[in-house]
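A short write-up of the structure that comes next.
The values are calculated or read from the model by the stated rules, or taken from the named source; none is laboratory data. This one's a predicted model, so the numbers in the text were calculated from it and none came from an experiment. With ideal geometry, Cβ positions are generated from the backbone for all residues, glycine too; neighbour counts draw on all protein chains shown. SASA here: full protein model, heavy atoms, side chains in, ligands and nucleic acids out. Shrake-Rupley method; radii C 1.70, N 1.55, O 1.52, S 1.80 Å.
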Amino acid sequence: MIKNVFFAILASGFLNLESVQFGQFLISRPSFSGFILGLILGFPLWGFLGGLLIEFSYLDFNPIGGSVPPNSSMAVISMLVFYAIFKYFELAFLFGFSMGFVYSQMDKIIRTMRNKWVLSAQKEIESGRYYFSKYILKSLILEFAIFICFSFFITLILGAVFPFLRFSFPQKITNLFFIGIISISISSLYYRVKNQVAKNE
Amino acid sequence: MNNIANTFFRTFFIQGAWNFMKFQNFGLSFCLFPHLKRIHKNDNDLKKAVLRHFEIFNTQPYMASFVIGNIVFMEEKFNEFGEERLRQIKQSLACAFASIGDRIFWARLRITTFLLTLILYFALSLNQNSFSNNYIIFLSLIIPTAIYDIFSLYIRYYGLKKGYTSSSVSYCGLDFLNWNKIIRNLSYFNFAIMLTVIIMLISTALVYRIGFSNINNIFLLQIIFLILTIMMQRYFRQKKHKFILLIIGVFFLSVLFNFIMGFLKLC
(Lines give C-alpha, C1' and ligand atoms only; values in the text may rest on other atoms or scores of the structure.)
Protein backbone atom coordinates (compact mmCIF):
# COMPACT_ATOMS: atom_id res chain seq x y z
CA MET A 1 0.00 0.00 0.00
CA ILE A 2 2.84 2.41 0.88
CA LYS A 3 4.33 1.84 -2.56
CA ASN A 4 0.96 2.59 -4.18
CA VAL A 5 0.56 5.80 -2.17
CA PHE A 6 4.06 6.83 -3.26
CA PHE A 7 3.25 6.30 -6.95
CA ALA A 8 -0.15 7.98 -6.57
CA ILE A 9 1.51 11.09 -5.10
CA LEU A 10 4.05 11.16 -7.94
CA ALA A 11 1.27 10.84 -10.55
CA SER A 12 -0.68 13.53 -8.77
CA GLY A 13 2.34 15.85 -8.98
CA PHE A 14 2.40 15.47 -12.76
CA LEU A 15 -1.36 15.95 -13.01
CA ASN A 16 -1.04 19.13 -10.97
CA LEU A 17 1.39 20.52 -13.56
CA GLU A 18 -1.15 19.83 -16.28
CA SER A 19 -3.81 21.88 -14.52
CA VAL A 20 -1.98 25.23 -14.83
CA GLN A 21 1.63 25.03 -16.02
CA PHE A 22 1.30 22.81 -19.06
CA GLY A 23 -1.55 22.17 -21.44
CA GLN A 24 -4.82 22.44 -19.50
CA PHE A 25 -6.29 19.43 -21.32
CA LEU A 26 -8.65 18.73 -18.38
CA ILE A 27 -6.94 15.41 -17.61
CA SER A 28 -6.22 16.86 -14.20
CA ARG A 29 -9.86 17.67 -13.48
CA PRO A 30 -10.79 15.97 -10.20
CA SER A 31 -13.02 13.21 -11.60
CA PHE A 32 -10.37 12.18 -14.15
CA SER A 33 -7.41 12.43 -11.79
CA GLY A 34 -9.49 10.77 -9.05
CA PHE A 35 -10.05 7.80 -11.35
CA ILE A 36 -6.37 7.56 -12.36
CA LEU A 37 -5.13 7.84 -8.77
CA GLY A 38 -7.88 5.49 -7.61
CA LEU A 39 -6.63 2.91 -10.09
CA ILE A 40 -3.13 3.19 -8.64
CA LEU A 41 -4.44 2.94 -5.07
CA GLY A 42 -6.83 0.10 -5.83
CA PHE A 43 -10.23 1.81 -5.53
CA PRO A 44 -11.00 3.45 -8.91
CA LEU A 45 -14.75 3.76 -8.26
CA TRP A 46 -14.28 5.70 -5.03
CA GLY A 47 -11.58 7.78 -6.68
CA PHE A 48 -13.93 8.67 -9.50
CA LEU A 49 -16.94 9.39 -7.25
CA GLY A 50 -14.89 11.44 -4.81
CA GLY A 51 -13.33 13.32 -7.73
CA LEU A 52 -16.78 14.03 -9.16
CA LEU A 53 -17.87 15.53 -5.85
CA ILE A 54 -14.72 17.64 -5.54
CA GLU A 55 -15.20 18.84 -9.13
CA PHE A 56 -18.83 19.66 -8.40
CA SER A 57 -17.91 21.71 -5.33
CA TYR A 58 -15.07 23.54 -7.08
CA LEU A 59 -16.90 24.38 -10.34
CA ASP A 60 -17.85 27.74 -8.89
CA PHE A 61 -14.20 28.82 -8.75
CA ASN A 62 -12.65 30.02 -11.99
CA PRO A 63 -9.02 30.94 -12.63
CA ILE A 64 -10.00 34.35 -13.98
CA GLY A 65 -7.52 37.24 -13.91
CA GLY A 66 -5.16 36.96 -10.97
CA SER A 67 -7.44 34.82 -8.80
CA VAL A 68 -6.12 31.52 -7.49
CA PRO A 69 -8.86 28.86 -7.21
CA PRO A 70 -8.62 25.94 -4.74
CA ASN A 71 -6.10 23.36 -5.91
CA SER A 72 -8.13 20.38 -7.11
CA SER A 73 -5.11 18.06 -7.51
CA MET A 74 -4.22 18.52 -3.85
CA ALA A 75 -7.87 18.05 -2.90
CA VAL A 76 -8.05 14.73 -4.78
CA ILE A 77 -4.78 13.25 -3.54
CA SER A 78 -5.50 14.29 0.08
CA MET A 79 -8.98 12.81 -0.14
CA LEU A 80 -7.71 9.50 -1.55
CA VAL A 81 -4.82 9.18 0.88
CA PHE A 82 -7.26 9.85 3.72
CA TYR A 83 -9.63 7.23 2.32
CA ALA A 84 -6.79 4.73 1.87
CA ILE A 85 -5.86 5.11 5.56
CA PHE A 86 -9.22 5.56 7.30
CA LYS A 87 -11.74 4.03 4.83
CA TYR A 88 -14.24 6.75 5.70
CA PHE A 89 -15.56 8.31 2.50
CA GLU A 90 -17.52 11.34 3.77
CA LEU A 91 -14.76 12.56 6.04
CA ALA A 92 -12.17 11.88 3.31
CA PHE A 93 -14.14 14.13 0.96
CA LEU A 94 -14.39 16.91 3.56
CA PHE A 95 -10.68 16.61 4.29
CA GLY A 96 -9.75 16.77 0.60
CA PHE A 97 -12.16 19.62 0.00
CA SER A 98 -10.47 21.67 2.76
CA MET A 99 -6.93 20.78 1.67
CA GLY A 100 -7.66 22.21 -1.80
CA PHE A 101 -8.26 25.58 -0.16
CA VAL A 102 -5.23 25.25 2.10
CA TYR A 103 -2.93 24.44 -0.82
CA SER A 104 -4.25 27.40 -2.85
CA GLN A 105 -2.46 29.56 -0.24
CA MET A 106 0.72 27.66 -1.08
CA ASP A 107 0.01 28.30 -4.78
CA LYS A 108 -0.10 32.02 -4.01
CA ILE A 109 3.25 31.81 -2.23
CA ILE A 110 4.85 29.96 -5.17
CA ARG A 111 3.52 32.54 -7.63
CA THR A 112 4.82 35.35 -5.45
CA MET A 113 8.21 33.63 -5.27
CA ARG A 114 8.39 33.75 -9.06
CA ASN A 115 8.10 37.56 -8.98
CA LYS A 116 11.83 37.68 -8.17
CA TRP A 117 12.60 35.78 -11.35
CA VAL A 118 11.12 38.62 -13.42
CA LEU A 119 13.80 41.01 -12.21
CA SER A 120 16.66 38.57 -12.75
CA ALA A 121 15.36 37.60 -16.20
CA GLN A 122 15.05 41.28 -17.10
CA LYS A 123 18.71 41.82 -16.21
CA GLU A 124 19.69 38.81 -18.31
CA ILE A 125 17.73 40.12 -21.31
CA GLU A 126 19.43 43.52 -20.97
CA SER A 127 22.79 41.76 -21.14
CA GLY A 128 21.70 39.80 -24.22
CA ARG A 129 20.97 36.43 -22.59
CA TYR A 130 17.59 34.81 -23.19
CA TYR A 131 16.81 31.83 -20.94
CA PHE A 132 13.01 31.57 -21.02
CA SER A 133 12.97 27.79 -21.30
CA LYS A 134 15.24 27.60 -18.26
CA TYR A 135 12.75 29.61 -16.19
CA ILE A 136 9.79 27.57 -17.41
CA LEU A 137 11.61 24.33 -16.55
CA LYS A 138 12.64 25.71 -13.16
CA SER A 139 9.04 26.67 -12.50
CA LEU A 140 7.75 23.19 -13.40
CA ILE A 141 10.33 21.50 -11.16
CA LEU A 142 9.60 23.85 -8.25
CA GLU A 143 5.85 23.37 -8.56
CA PHE A 144 6.24 19.59 -8.77
CA ALA A 145 8.68 19.39 -5.85
CA ILE A 146 6.57 21.54 -3.49
CA PHE A 147 3.42 19.63 -4.37
CA ILE A 148 5.07 16.27 -3.75
CA CYS A 149 6.61 17.40 -0.44
CA PHE A 150 3.27 18.79 0.75
CA SER A 151 1.45 15.59 -0.20
CA PHE A 152 4.02 13.40 1.59
CA PHE A 153 3.77 15.65 4.62
CA ILE A 154 -0.02 15.20 4.72
CA THR A 155 0.39 11.42 4.32
CA LEU A 156 2.86 11.31 7.19
CA ILE A 157 0.58 13.37 9.44
CA LEU A 158 -2.43 11.18 8.62
CA GLY A 159 -0.39 8.02 9.15
CA ALA A 160 0.86 9.35 12.49
CA VAL A 161 -2.58 10.27 13.86
CA PHE A 162 -4.26 7.12 12.51
CA PRO A 163 -3.85 4.99 15.68
CA PHE A 164 -5.28 7.77 17.87
CA LEU A 165 -8.35 8.80 15.90
CA ARG A 166 -11.77 7.23 16.24
CA PHE A 167 -14.52 8.73 14.12
CA SER A 168 -17.58 7.20 15.78
CA PHE A 169 -18.77 10.45 17.35
CA PRO A 170 -18.58 12.93 14.45
CA GLN A 171 -19.78 10.44 11.82
CA LYS A 172 -23.43 11.56 11.86
CA ILE A 173 -22.44 15.22 11.78
CA THR A 174 -20.02 14.71 8.91
CA ASN A 175 -22.68 12.74 6.99
CA LEU A 176 -25.06 15.69 7.24
CA PHE A 177 -22.27 18.18 6.49
CA PHE A 178 -21.35 16.11 3.43
CA ILE A 179 -24.97 16.23 2.19
CA GLY A 180 -24.97 19.99 2.90
CA ILE A 181 -21.86 20.58 0.77
CA ILE A 182 -23.39 18.66 -2.14
CA SER A 183 -26.64 20.58 -1.74
CA ILE A 184 -24.95 24.00 -1.86
CA SER A 185 -22.88 22.88 -4.85
CA ILE A 186 -26.00 21.85 -6.78
CA SER A 187 -27.79 25.05 -5.80
CA SER A 188 -24.81 27.21 -6.72
CA LEU A 189 -24.33 25.51 -10.10
CA TYR A 190 -28.03 25.59 -10.92
CA TYR A 191 -28.36 29.34 -10.28
CA ARG A 192 -25.13 30.04 -12.10
CA VAL A 193 -26.32 28.22 -15.23
CA LYS A 194 -29.75 29.84 -14.90
CA ASN A 195 -28.18 33.31 -14.67
CA GLN A 196 -26.13 32.62 -17.78
CA VAL A 197 -29.34 31.87 -19.68
CA ALA A 198 -31.06 34.96 -18.22
CA LYS A 199 -28.18 37.16 -19.42
CA ASN A 200 -28.75 35.87 -22.96
CA GLU A 201 -32.38 36.95 -23.01
CA MET B 1 3.79 32.15 -40.18
CA ASN B 2 7.02 30.15 -40.07
CA ASN B 3 7.32 27.10 -37.84
CA ILE B 4 3.71 27.11 -36.67
CA ALA B 5 3.98 23.64 -35.08
CA ASN B 6 6.78 24.79 -32.78
CA THR B 7 4.84 27.90 -31.70
CA PHE B 8 1.69 25.82 -31.25
CA PHE B 9 3.58 23.48 -28.90
CA ARG B 10 5.05 26.42 -27.02
CA THR B 11 1.58 27.88 -26.36
CA PHE B 12 0.95 24.92 -24.02
CA PHE B 13 3.46 26.57 -21.66
CA ILE B 14 1.87 30.02 -21.72
CA GLN B 15 1.23 29.76 -17.94
CA GLY B 16 4.51 27.93 -17.30
CA ALA B 17 5.97 30.54 -14.95
CA TRP B 18 2.85 32.49 -14.00
CA ASN B 19 3.69 35.21 -11.47
CA PHE B 20 1.81 37.99 -9.71
CA MET B 21 4.16 40.68 -11.02
CA LYS B 22 3.70 40.27 -14.77
CA PHE B 23 1.41 37.23 -15.02
CA GLN B 24 2.13 35.27 -18.26
CA ASN B 25 5.14 37.30 -19.44
CA PHE B 26 7.55 34.33 -19.28
CA GLY B 27 5.14 32.14 -21.26
CA LEU B 28 4.55 34.82 -23.89
CA SER B 29 8.27 35.49 -24.31
CA PHE B 30 8.90 31.73 -24.58
CA CYS B 31 6.32 31.50 -27.41
CA LEU B 32 7.54 34.61 -29.24
CA PHE B 33 11.30 34.23 -28.91
CA PRO B 34 11.99 32.07 -32.01
CA HIS B 35 9.99 34.55 -34.13
CA LEU B 36 11.64 37.61 -32.63
CA LYS B 37 15.06 36.06 -33.28
CA ARG B 38 14.08 35.41 -36.90
CA ILE B 39 12.64 38.90 -37.45
CA HIS B 40 15.25 41.03 -35.63
CA LYS B 41 18.72 40.13 -36.87
CA ASN B 42 20.36 42.99 -35.03
CA ASP B 43 21.20 42.22 -31.36
CA ASN B 44 20.02 45.57 -30.10
CA ASP B 45 16.69 45.34 -31.95
CA LEU B 46 16.18 41.82 -30.64
CA LYS B 47 16.84 42.95 -27.06
CA LYS B 48 14.35 45.81 -27.42
CA ALA B 49 11.73 43.49 -28.93
CA VAL B 50 12.12 40.90 -26.16
CA LEU B 51 11.88 43.57 -23.46
CA ARG B 52 8.80 44.99 -25.20
CA HIS B 53 7.00 41.68 -24.67
CA PHE B 54 8.39 40.96 -21.23
CA GLU B 55 5.80 43.35 -19.83
CA ILE B 56 2.50 42.53 -18.08
CA PHE B 57 0.51 40.05 -20.13
CA ASN B 58 -2.54 38.10 -19.03
CA THR B 59 -5.16 36.40 -21.14
CA GLN B 60 -7.12 33.17 -21.29
CA PRO B 61 -4.55 30.42 -22.08
CA TYR B 62 -6.44 28.87 -25.02
CA MET B 63 -7.13 32.25 -26.61
CA ALA B 64 -3.53 33.44 -26.22
CA SER B 65 -2.83 31.97 -29.69
CA PHE B 66 -4.83 34.75 -31.36
CA VAL B 67 -2.78 37.41 -29.58
CA ILE B 68 0.50 35.63 -30.37
CA GLY B 69 -0.40 35.40 -34.08
CA ASN B 70 -1.17 39.11 -34.14
CA ILE B 71 2.05 40.02 -32.34
CA VAL B 72 4.20 37.99 -34.77
CA PHE B 73 2.60 39.79 -37.71
CA MET B 74 3.02 43.22 -36.11
CA GLU B 75 6.66 42.46 -35.27
CA GLU B 76 7.27 41.54 -38.91
CA LYS B 77 5.80 44.92 -39.93
CA PHE B 78 7.27 46.76 -36.96
CA ASN B 79 8.16 49.86 -38.97
CA GLU B 80 4.51 50.26 -40.02
CA PHE B 81 3.00 49.74 -36.58
CA GLY B 82 5.53 51.32 -34.24
CA GLU B 83 6.14 50.46 -30.61
CA GLU B 84 3.23 52.30 -28.98
CA ARG B 85 0.57 51.06 -31.38
CA LEU B 86 1.84 47.50 -31.14
CA ARG B 87 1.68 47.64 -27.34
CA GLN B 88 -1.85 49.09 -27.37
CA ILE B 89 -3.17 46.51 -29.83
CA LYS B 90 -1.53 43.69 -27.88
CA GLN B 91 -3.09 44.74 -24.56
CA SER B 92 -6.52 45.38 -26.10
CA LEU B 93 -6.52 41.97 -27.80
CA ALA B 94 -5.37 40.23 -24.61
CA CYS B 95 -8.33 41.74 -22.71
CA ALA B 96 -10.88 41.04 -25.47
CA PHE B 97 -9.81 37.42 -26.00
CA ALA B 98 -9.56 36.83 -22.24
CA SER B 99 -13.14 37.95 -21.82
CA ILE B 100 -14.36 35.66 -24.63
CA GLY B 101 -12.24 32.71 -23.48
CA ASP B 102 -13.26 33.01 -19.83
CA ARG B 103 -16.93 33.01 -20.78
CA ILE B 104 -16.64 30.09 -23.20
CA PHE B 105 -14.12 27.78 -21.56
CA TRP B 106 -14.06 28.47 -17.82
CA ALA B 107 -17.67 29.56 -17.29
CA ARG B 108 -19.43 27.19 -19.70
CA LEU B 109 -17.47 24.40 -21.39
CA ARG B 110 -15.88 23.25 -18.13
CA ILE B 111 -19.39 22.89 -16.67
CA THR B 112 -20.60 21.13 -19.84
CA THR B 113 -17.74 18.63 -19.58
CA PHE B 114 -18.57 17.89 -15.95
CA LEU B 115 -22.32 17.52 -16.53
CA LEU B 116 -21.77 15.29 -19.58
CA THR B 117 -19.49 13.06 -17.51
CA LEU B 118 -22.21 12.71 -14.90
CA ILE B 119 -24.95 11.95 -17.43
CA LEU B 120 -22.80 9.50 -19.39
CA TYR B 121 -21.82 7.64 -16.24
CA PHE B 122 -25.45 7.42 -15.19
CA ALA B 123 -26.62 6.29 -18.63
CA LEU B 124 -23.85 3.71 -19.09
CA SER B 125 -24.33 2.36 -15.56
CA LEU B 126 -27.87 1.38 -16.46
CA ASN B 127 -26.33 -1.15 -18.81
CA GLN B 128 -23.75 -2.40 -16.33
CA ASN B 129 -23.97 -6.04 -17.39
CA SER B 130 -22.42 -5.29 -20.79
CA PHE B 131 -19.38 -3.32 -19.56
CA SER B 132 -17.04 -3.46 -16.58
CA ASN B 133 -17.32 -0.60 -14.11
CA ASN B 134 -13.85 0.76 -14.91
CA TYR B 135 -14.66 0.78 -18.61
CA ILE B 136 -17.88 2.71 -17.94
CA ILE B 137 -16.00 5.29 -15.86
CA PHE B 138 -13.28 5.58 -18.49
CA LEU B 139 -15.80 6.13 -21.30
CA SER B 140 -17.78 8.69 -19.34
CA LEU B 141 -14.56 10.60 -18.61
CA ILE B 142 -12.80 10.36 -21.96
CA ILE B 143 -15.69 11.32 -24.27
CA PRO B 144 -16.49 14.76 -22.77
CA THR B 145 -12.78 15.48 -22.22
CA ALA B 146 -11.98 14.60 -25.84
CA ILE B 147 -14.75 16.90 -27.10
CA TYR B 148 -13.41 19.72 -24.92
CA ASP B 149 -9.81 19.09 -26.03
CA ILE B 150 -10.63 18.91 -29.74
CA PHE B 151 -12.36 22.28 -29.54
CA SER B 152 -9.62 23.89 -27.42
CA LEU B 153 -6.83 22.55 -29.66
CA TYR B 154 -8.71 23.77 -32.73
CA ILE B 155 -8.97 27.24 -31.19
CA ARG B 156 -5.29 27.19 -30.24
CA TYR B 157 -4.04 26.07 -33.65
CA TYR B 158 -6.30 28.11 -35.91
CA GLY B 159 -6.11 31.02 -33.47
CA LEU B 160 -2.41 31.29 -34.28
CA LYS B 161 -3.07 31.18 -38.02
CA LYS B 162 -6.05 33.50 -37.95
CA GLY B 163 -4.32 35.98 -35.63
CA TYR B 164 -1.37 36.12 -38.00
CA THR B 165 -3.29 36.38 -41.27
CA SER B 166 -5.96 38.83 -40.12
CA SER B 167 -3.71 41.19 -38.19
CA SER B 168 -3.66 43.69 -41.03
CA VAL B 169 -7.48 43.69 -41.01
CA SER B 170 -9.14 45.72 -38.26
CA TYR B 171 -10.80 42.69 -36.57
CA CYS B 172 -7.49 40.94 -35.70
CA GLY B 173 -9.14 37.51 -35.62
CA LEU B 174 -11.98 38.56 -33.33
CA ASP B 175 -14.40 37.57 -36.11
CA PHE B 176 -12.98 34.03 -36.39
CA LEU B 177 -16.15 32.48 -34.96
CA ASN B 178 -19.52 33.84 -33.90
CA TRP B 179 -18.54 33.95 -30.21
CA ASN B 180 -21.86 35.38 -29.00
CA LYS B 181 -23.77 32.59 -30.66
CA ILE B 182 -21.46 29.96 -29.14
CA ILE B 183 -21.84 31.51 -25.67
CA ARG B 184 -25.63 31.70 -26.01
CA ASN B 185 -26.01 28.14 -27.26
CA LEU B 186 -23.70 26.77 -24.57
CA SER B 187 -25.78 28.54 -21.90
CA TYR B 188 -28.99 26.91 -23.14
CA PHE B 189 -27.32 23.53 -23.50
CA ASN B 190 -25.88 23.69 -19.97
CA PHE B 191 -29.23 24.69 -18.53
CA ALA B 192 -30.94 21.76 -20.23
CA ILE B 193 -28.40 19.22 -19.01
CA MET B 194 -28.35 20.79 -15.53
CA LEU B 195 -32.10 20.20 -15.27
CA THR B 196 -31.59 16.62 -16.46
CA VAL B 197 -28.91 16.09 -13.81
CA ILE B 198 -31.14 17.50 -11.04
CA ILE B 199 -34.05 15.24 -12.05
CA MET B 200 -31.64 12.31 -12.29
CA LEU B 201 -30.16 12.97 -8.83
CA ILE B 202 -33.53 13.42 -7.15
CA SER B 203 -34.99 10.28 -8.72
CA THR B 204 -31.87 8.25 -7.83
CA ALA B 205 -31.95 9.51 -4.25
CA LEU B 206 -35.65 8.70 -3.90
CA VAL B 207 -35.62 5.31 -5.54
CA TYR B 208 -32.28 3.83 -4.52
CA ARG B 209 -31.14 5.53 -1.36
CA ILE B 210 -34.02 6.82 0.71
CA GLY B 211 -36.93 4.65 -0.39
CA PHE B 212 -40.53 5.85 -0.22
CA SER B 213 -41.26 3.65 2.80
CA ASN B 214 -38.80 5.59 5.00
CA ILE B 215 -40.76 8.86 5.07
CA ASN B 216 -40.77 9.78 8.77
CA ASN B 217 -39.75 12.71 11.00
CA ILE B 218 -36.05 12.15 10.37
CA PHE B 219 -36.58 12.10 6.61
CA LEU B 220 -38.59 15.34 6.83
CA LEU B 221 -35.84 16.93 8.92
CA GLN B 222 -33.29 15.94 6.26
CA ILE B 223 -35.44 17.65 3.63
CA ILE B 224 -35.67 20.79 5.82
CA PHE B 225 -31.90 20.65 6.24
CA LEU B 226 -31.41 20.54 2.46
CA ILE B 227 -33.79 23.47 1.90
CA LEU B 228 -32.03 25.49 4.61
CA THR B 229 -28.60 24.88 3.05
CA ILE B 230 -29.92 26.03 -0.34
CA MET B 231 -31.38 29.16 1.27
CA MET B 232 -28.07 29.80 3.02
CA GLN B 233 -26.22 29.47 -0.28
CA ARG B 234 -28.54 32.01 -1.92
CA TYR B 235 -28.22 34.42 1.03
CA PHE B 236 -24.43 34.22 1.17
CA ARG B 237 -24.19 34.70 -2.59
CA GLN B 238 -26.46 37.74 -2.57
CA LYS B 239 -24.58 39.33 0.34
CA LYS B 240 -21.28 38.41 -1.36
CA HIS B 241 -19.91 36.79 1.80
CA LYS B 242 -16.83 34.58 1.58
CA PHE B 243 -17.40 30.96 0.55
CA ILE B 244 -15.56 29.67 3.61
CA LEU B 245 -18.17 31.38 5.85
CA LEU B 246 -20.89 29.46 4.03
CA ILE B 247 -19.02 26.20 4.68
CA ILE B 248 -18.69 27.06 8.39
CA GLY B 249 -22.40 27.94 8.46
CA VAL B 250 -23.35 24.60 6.90
CA PHE B 251 -21.16 22.79 9.42
CA PHE B 252 -22.90 24.42 12.39
CA LEU B 253 -26.27 23.69 10.82
CA SER B 254 -25.23 20.01 10.56
CA VAL B 255 -24.31 19.96 14.26
CA LEU B 256 -27.65 21.56 15.19
CA PHE B 257 -29.68 19.16 13.06
CA ASN B 258 -27.74 16.22 14.42
CA PHE B 259 -28.79 17.21 17.94
CA ILE B 260 -32.43 17.64 16.88
CA MET B 261 -32.43 14.25 15.13
CA GLY B 262 -30.87 12.58 18.16
CA PHE B 263 -33.53 14.16 20.38
CA LEU B 264 -36.36 13.02 18.07
CA LYS B 265 -34.98 9.46 17.99
CA LEU B 266 -34.96 9.39 21.80
CA CYS B 267 -38.60 10.53 21.85
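I'd like the mean, over residues of B:188-198, of how many other protein chain beta carbons sit within 10 Å of each residue's own Cβ.
Working: counts 4, 2, 6, 8, 2, 1, 8, 3, 0, 4, 4.
That average works out to 4.
Based only on the alpha carbon positions, what is the Kirkwood hydrodynamic radius of chain B, in angstrom?
22.6
The GNM of chain B, with springs linking C-alpha atoms under 10 angstrom apart, assigns the highest mean-square fluctuation among B:N180, B:N58, B:N127 to B:N127.
Angle between the Cα long axis of helix A:2-20 and the longest principal axis of chain A, 0 to 90 degrees, nearest 10? Helix A:2-20 sits at roughly 50 degrees to that axis. Here is the size of segment B:1-124 from its Cα atoms: Rg then Dmax, 17.1, 62 Å. Go through B:I183, B:Y235, B:V50 and say which Cα lies farthest out towards the positive end of the charge dipole of the protein assembly as shown; charges sit on Cβ, +1 for Lys and Arg, -1 for Asp and Glu. Going by the Cα projections, it comes out as B:Y235.
Rounded to the nearest 100, the interface formed by chains B and A buries 7100 square angstrom of accessible surface, both chains summed, with a 1.4 Å probe. Scaling the Cα radius of gyration of chain A by the globular reference 2.2 N^0.38 Å produces a ratio of 1.15.
Rounded, prolate or oblate for segment B:151-196? Axes are the square roots of the Cα gyration tensor eigenvalues, ordered a ≥ b ≥ c, and the cut-off for rounded is a/c under 1.5.
Details: a/c = 7.15, a/b = 2.39, b/c = 3.00.
Oblate, because a/c is 1.5 or more while a/b does not exceed b/c.
Across the protein assembly as shown, counting alpha-carbon atoms alone, Rg and Dmax equal 24.4, 88 Å. Counting Cβ atoms of other protein chains within 10 Å of each residue's Cβ and taking the mean over peptide B:7-18 gives 6. Computed about its Cα centre, the charge dipole of chain B is approximately 380 debye, with only Lys, Arg, Asp and Glu carrying charge at their Cβ.
Overall, the protein assembly as shown carries a charge dipole of about 460 debye about its Cα centre when +1 sits on the Cβ of Lys and Arg and -1 on the Cβ of Asp and Glu, all other atoms neutral.
For segment A:106-162, what does the convex hull of the Cα positions come to per residue, in cubic angstrom?
On the way: hull volume 3.5 nm³, N = 57.
About 62 Å³ per residue, rounded to a whole number.
As I understand it, the value is the acute angle between the Cα axis of helix A:132-161 and the longest principal axis of the Cα atoms of chain A; what does it come to in degrees, rounded to 10? With both axes taken from Cα atoms, the answer is about 30 degrees. Apolar share of the accessible surface for segment A:1-101: 75 percent from carbon plus sulfur atoms, 1.4 Å probe. Taking a quarter of the surface of the Cα convex hull of segment A:57-169 gives a mean projected area of 8.8 nm².
Please compute the average number of Cβ atoms from other chains found within 10 Å of each residue's Cβ in peptide A:126-137.
5
Burial here means at least 30 square angstrom less accessible surface with every protein chain in place than with the chain by itself, probed at 1.4 Å; in segment A:44-83 the buried residues are A:L45, A:F48, A:L52, A:F56, A:L59, A:D60, A:F61, A:N62, A:P63, A:I64, A:G65, A:G66. Each label point was placed 7 Å from the Cα along the Cα-to-Cβ direction; for B:I260 and B:Q91 their separation is 5.5 nm. In a simple Cβ point-charge model (Lys, Arg +1; Asp, Glu -1; nothing else charged), chain A has a dipole of about 260 debye relative to its Cα centre. Indicate the gyration tensor shape class of segment A:1-50 (rounded, prolate or oblate), computed on the Cα atoms with a ≥ b ≥ c the square roots of the eigenvalues: a/c under 1.5 is rounded; otherwise a/b larger than b/c is prolate and the rest oblate. Oblate, because a/c is 1.5 or more while a/b does not exceed b/c. Accessible surface calculations at 1.4 Å, restricted to protein heavy atoms, place the protein assembly as shown at 46 Å² per residue.
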